[in-house]
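Peer 1: Take a look at the following structure, please.
The values are calculated or read from the model by the stated rules, or taken from the named source; none is laboratory data. Treat the numbers as computed from the prediction; the structure is a model and nothing was measured. Every residue, glycine among them, receives a Cβ derived from its backbone with ideal geometry; neighbour counts consider all protein chains shown. Just the protein is used for accessible areas: all its heavy atoms, side chains included, with ligands, DNA and RNA removed. Shrake-Rupley method; radii C 1.70, N 1.55, O 1.52, S 1.80 Å.
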Amino acid sequence: FFFICGTLVEDWLFIKLNYFKGISDSKLWIYEVNVKVDRSIEAEYRRLVQNHINGITALPGFTGARWLEQHDNPNPEKEISWVIHYYAVNYESIENYFNTLAPTFRAETVAYGSLVNANRRVLKPWNA
């Protein structure tokens with residue numbers, strides 16, 4: 001990753017690409033995944049998350065993603081906490097993900113057992 005003025009280049013590109021597509025950030029739906037990963041599998045699981053991001057953002061209706069690390073992690077020596085936001089133009093795009101890739105992606109996470117704890121939610125624009 002590259003930084004420009006403290007911002008990841010990919011975040012800057014996400015904002016610029018949506019601007020040129022005429023998509024306002026305030027109109028995008030967010031599919032949010034919160035995950036806590038045991039440090040012993042961090043590198044391996046990081047690759048899995050990147051594959052999930054690539055798969056989801058390739059689906060129709062998804063405009064990008066943002067991967068964040070929790071700053072105030074209460075147990076940083078034992079685990080790392082990430083939040084991934086996937087941006088979609090409508091709920092139907094998120095439903096399509098639920099019906100196609102989600103079962104496989106969730107099974108991959110479940111295979112790690114207690115080393116990974118994930119929860120998910122869908123956020124809609126207040127003006128949708």
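Peer 1: Tell me, what is the 1.4 Å probe accessible area of Lys124, in Å² to the nearest 10?
Peer 2: Answer for Lys124: close to 130 Å² accessible.
Peer 1: Could I ask something else about it? Between Ala118 and Leu59, what FRET efficiency follows from the Cβ-Cβ distance if R0 is 25 Å, with the result rounded to 0.05?
Peer 2: Once rounded, the FRET efficiency stands at 0.85.
Peer 1: Counting only protein chains, not ligands or nucleic acids, how are Asp25, Asp38, Asp72 ordered by accessible area (probe 1.4 Å), most first? Walk me through the numbers on the way to the answer.
Peer 2: Numbers: Asp25 85, Asp38 30, Asp72 110 Å².
If we order Asp25, Asp38, Asp72 from most to least accessible, we get Asp72, Asp25, Asp38.
Peer 1: Read phi for every residue in segment 86-103 and hand back ³J(HN,Hα) as whole Hz from Karplus 6.51 cos²θ - 1.76 cosθ + 1.60, θ = phi - 60°, with x for Gly and Pro.
Peer 2: 10, 9, 10, 6, 7, 5, 4, 5, 5, 4, 4, 4, 4, 8, 10, 7, 4, x
Peer 1: Another one. Could you grab the relative contact order for segment 25-93? Cα pairs under 8 Å, six or more apart, rounded to a whole percent. Display every interim value, and only then the final one.
Peer 2: Working: 98 pairs, mean separation 34.3, N = 69.
Relative CO of segment 25-93 lands at 50 percent.
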